[in-house]
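The values are calculated or read from the model by the stated rules, or taken from the named source; none is laboratory data. The structure displayed is predicted, hence computed values, not measured ones. A quick note on method: Cβ atoms are made from the backbone with ideal geometry, for glycine too, and the neighbour counts reach across all protein chains shown. Surface accessibility is based on the protein's heavy atoms, side chains included, excluding ligands, DNA and RNA. Shrake-Rupley method; radii C 1.70, N 1.55, O 1.52, S 1.80 Å.
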Amino acid sequence: MTRPRLAAATTYDEKHREREGNEAVMPPRNKKTTEPPAMKKVLWASADKLRGSLDAAEYKHFVLGLVFLKYVSAAMAEKRAQLEAELREEGGWSEADILATLEERREYTGSGIFYVPPTARWESVLERAKGTVEGQSIGEAVDAAMRAIEKFNPSLNRTLPKIYDNGRVDSERLAGLVKLLDRLVFQEQLGEDGKRRGARDIMGEVYEYFLAEFALKEGRKGGEYFTPESVVKLLVEVLEPQQGERVYDPACGSGGMFVQAEKFIETHGGNPLNVGVYGQELNQTTWQLAHMNLAIHGVEAKLGDEPADTFRNDQHPELKADVVMANPPFNISDWGGELLGMDKRWVYGTPPVGNANYAWLQHMISKLAPGGRAGVVLANGSMSSKQSGEGDIRRAMVEDDLVACMIALPGQLFRSTQIPACLWFLAEGKGRHSGWAPGRKGEVLFIDAREFGEMENRTLRVLTEDEIVGRIGDTVRAWRGVEGGRPYEDVPGFCVSAPLGVVAEHDFVLTPGRYVGAAEAEIDPDAEPVEEKIARLTALLREQFAESERLAKVVDEQLGRV
C-alpha cells in the first residue's frame, strides 16, 4: 500500500503530534557536562597548528564557520534518522514517499532545526576536502554551502562567513581543517550522567571552548567578544533569569550571556526555549559569531537587523526587559557622547564625553521593565570616580534606590585587560514593587570578593563554582530574602548591607572595601595565651643574646692565637 504524500501545509511531525495527543517531537535536550572532554582540547591543538602564520583574529572565522557547518549537518542528520525510523516503524510508506518526506524542509525547521540542502551537507564538503570529487575547490564548496544554508533558512541571512575562497587560507590547509573537524562524532557521545548527548549539546560546548581559546590567543582584542565564563556565571547566578522573561544584552559580543542564562533556566527546571532574547552588537564579524553561537545552542535571539551602535542606533527602541546584563567595553572615550548631549536616557545626568561607563549604565536603566534587574561589568573606577560629573550621576542613582548590590572582583579574571573590575547590580522598584529584593528598600549590599578565585595558570584567575553559587550567590539570595534560604547576616571583611545614609556618609563612593571592614581574626582555642607567649619569647631572646656573647668571646680568643 502506498500512502499519499503529506499535504503542502502539513508536516509529518504535525501529523504525528495529532495522532499522539500533541506530544512534543523536539529531540530531548540532554544535560550538559561542565568539563570539556579531551577531544575538544586535542581538536583545538590540532586546529591551532594548522593556523600557521595566520592571525588568530582572522583564523577564528574560518574555524568557527566550519564548526557551525558541521553542527547544522549533524543536527539535521539526527532528526532525519529519527524521522526515517518513525516512518518505517509506522509502515505503509513507499520508498519514494519516505525519501521525499526526509527532504521536506519544514520537517526540520518546524522542530527548530536548520534544513541543509544535500550539496551543502558536511559529507559533501568532506568529499571535496578529500579530493574524491572534481569541480569546485574546497573553498568554493564551503562558500557555496554557506550561501545555500542561508537561502533555505532566512533567519541566518547575512550571518554566515563566505570567506573560504578568498585566498587567505590555502586549499591544503582548509582541507586539513575540514578533515580534522570531521573527527567530531556526535552519535557515540555520552555525558557524565551516562546519557546520550546530541549534536546541539556537544557542538555548543565545542563552539564555546574554541571561542574561549581564540579569545585567549587574541588577548586584549578577545575581550571584545568574549567574557570569561566564571564572570558570566556569577552575573547569571545573582540575577536568576526565569522562563517567560525578556533578557537583553546591549553589547552582546558572541552571545555568551544568553547561553549561560539558558543553561541556568534549564538547570533550575525551567523551559529555556520560553525566554525572549534581545541583543545588539556593533562589530560585523562578532555579530555573525553571536548568531552562529546562539543557533548552535538553540537560543532564538533577536540581535537586530544589522550590527549597530547601541547609543546611536538602538535596534530595540521599544524594548523593556526583565533582565539586563552586559560586559560593555571599559572606559571607552570615542563613543560619540558629544552627539548625544540631550538624550532622553540621561535621566540621572549627562555622561562625560570622554568616558562611556555612565552612558552604559543609564542606557540599561532605560531598558528595565518595572521591577526589572540589571548586572553590569565595569572598571573599578566607576565606583568612585568624580570626574566630569560622574560622582553626581552616581549619587542620583543611589538616592533613587536603583543600586542593589556591588561586588568587587579579584584581579586577573580577564586576559583582555589588567584593569580591576567590579559588578554593578541595579533593581528597579527595589523594596517597593520589585519581587527580586522585596524587603531591601533603601539598602545596598556590598560584597568584597577580591581575595576569591584560584589561578588556572600563571596569569589567569577563575572564580570557583563554590564561590559563585555557594558564597556569593547564597549571600545575595539570603539578602534578597528568597523563600527557603538562610537568614542574611553581615560578615566582616566579606559582606555588609548598608543603608543609604551610610552610603551618603561615604560621599556615594560604592567601593565595597569601604563598607565591609576587615575580617575578624579567627580565635584558636588551643592557642598560647598572649602573656605566656611574650614571656617565653623574651626568655628565648635573652638566651640567644647570651649565646651570641659567648660565641663572640670564642672568636676573639681564636683570633688572638693567630
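Take the Cα radius of gyration of the chain and divide it by 2.2 N^0.38 Å, with N its residue count; two decimals is plenty.
Rounded to two decimals, the normalised Rg is 1.21.
At 1.4 Å probe radius, can you tell me the per residue accessible area of the range 462-562 in Å²?
Using a 1.4 Å probe on heavy atoms only, each residue of the range 462-562 averages 70 Å².
Using only Cα atoms, tell me the angle between helix 38-50 and the longest principal axis of the chain; keep it within 0 to 90° and round to the nearest 10.
80
E505 to A308: extension gain in nm, 0.36 nm per residue of separation minus the Cα-Cα distance?
So the extension gain works out to 66.8 nm.
Which whole-Hz couplings ³J(HN,Hα) result when phi for each residue of the range 121-135 is put into the Karplus expression 6.51 cos²θ - 1.76 cosθ + 1.60, θ = phi - 60°, listed in order with x for Gly and Pro?
Listing the rounded values in order: 6, 3, 4, 5, 5, 4, 4, 5, 5, 7, x, 8, 10, 9, x Hz.
Before anything else, pin down the relative contact order of the range 296-419: Cα pairs under 8 Å, at least 6 apart, normalised by residue count, whole percent.
Reported relative contact order: 25 percent.
Determine the calculated [θ] at 222 nm for the chain from helices alone, applying -39500 (n - 2.57) to every DSSP H run no shorter than 4 residues and normalising by the residue count; nearest 500 deg cm²/dmol.
Value at 222 nm, helices only: -12500 deg cm²/dmol.
Averaged per residue, what accessible surface does the range 244-325 expose to a 1.4 Å probe, in Å²?
35
Report, in listed order, any pair from K60/K179; K79/K233; K70/K263; K233/K320; K40/K263; K217/K320 with a Cα-Cα distance greater than 26 Å.
Pairs exceeding 26 Å: K79/K233; K217/K320.
Quick one: pull the percent of accessible area on the range 396-448 belonging to carbon and sulfur, 1.4 Å probe, ligands and nucleic acids left out.
Reported share for carbon and sulfur atoms: 48 percent.
Please work out how much length the chain gains when fully extended from R536 to E483, using 0.36 nm per residue of separation minus the C-alpha to C-alpha distance, in nm with one decimal.
13.7 nm
Could you give each residue of the range 75-91 its phi-based ³J(HN,Hα) in whole Hz, using Karplus coefficients 6.51, -1.76, 1.60 with θ = phi - 60°, and x for Gly or Pro?
Using θ = phi - 60°, the values come out as 5, 5, 4, 4, 5, 4, 5, 5, 5, 5, 4, 5, 5, 6, 5, 5, x Hz.
Probe radius 1.4 Å, ligands and nucleic acids ignored: give me the carbon and sulfur share of the accessible area of the range 323-388 as a rounded percent.
Reported share for carbon and sulfur atoms: 55 percent.
Between A100 and Q284, what length in nm is gained on full extension when 0.36 nm per residue of separation is reduced by their alpha carbon distance?
Additional length available on full extension: 62.5 nm.
What nm distance separates the two modelled labels at E300 and L273, each placed 7 Å from Cα along Cα→Cβ?
The two pseudo-label positions are separated by 0.8 nm.
Can you find, among V116, V72, A129, the residue sitting farthest towards the positive end of the charge dipole of the range 47-146, where Lys and Arg contribute +1 and Asp and Glu -1 at Cβ?
Checked the options; the winner is A129.
Could you order the peptides 133-140, 454-461 from most to least packed, using the average number of other C-beta atoms within 10 Å per residue?
My ranking of the peptides, most packed first, is 133-140, 454-461.
Ordered by packing density, taken as the mean number of other Cβ atoms within 10 Å over each peptide's residues, highest first, how do 246-252, 343-349, 396-402, 265-271 rank?
Those peptides, ordered most packed to least, come out 246-252, 396-402, 343-349, 265-271.
Roughly how many nanometres apart are two label points built 7 Å out from the Cα toward the Cβ at E456 and A85?
My value for the distance between the label points is 3.6 nm.
What does the charge add up to near P307, with Lys and Arg as +1, Asp and Glu as -1, over the other residues with Cβ less than 12 Å from its Cβ?
-3
Could you tell me the calculated FRET efficiency between K320 and S155, based on Cβ-Cβ distance and R0 = 22 angstrom, to the nearest 0.05?
That pair, K320 with S155, gives E of 0.40.
What does the net charge come to around F508 if you take all other residues with beta carbon closer than 10 Å to its beta carbon, with K and R at +1 and D and E at -1?
Counting the neighbours of F508, the net charge comes to -1.
Once you place label points 7 Å from the Cα toward the Cβ at S333 and V554, how far apart are they in nm?
6.7
Which listed residue (F330, A148, I534) has the Cα farthest towards the positive end of the charge dipole for the chain, taking +1 on Lys and Arg C-beta and -1 on Asp and Glu C-beta about the Cα centre?
Going by the Cα projections, it comes out as A148.
Just need the relative contact order of the chain here, percent rounded to a whole number, with Cα pairs under 8 Å and 6+ apart.
10
Of the options A212, C495, V232, report the single residue whose Cα projects farthest towards the positive end of the charge dipole of the chain (beta-carbon charges: Lys, Arg +1; Asp, Glu -1).
Positive-most Cα among the choices belongs to A212.
Please determine, in degrees from 0 to 90 and to the nearest 10, the orientation of helix 229-239 with respect to the longest principal axis defined by the Cα atoms of the chain, where the helix direction is its Cα long axis.
Once rounded, the angle reads 90 degrees.
Cβ under 14 Å from A396's Cβ, A396 left aside: what net charge do those residues give with Lys, Arg +1 and Asp, Glu -1?
With Lys, Arg at +1 and Asp, Glu at -1, the net is -2.
Quote the charge dipole size of the chain about the Cα centre in Debye, to the nearest 20; the model charges only the Cβ of Lys and Arg (+1) and of Asp and Glu (-1).
The calculation lands at about 1060 debye.
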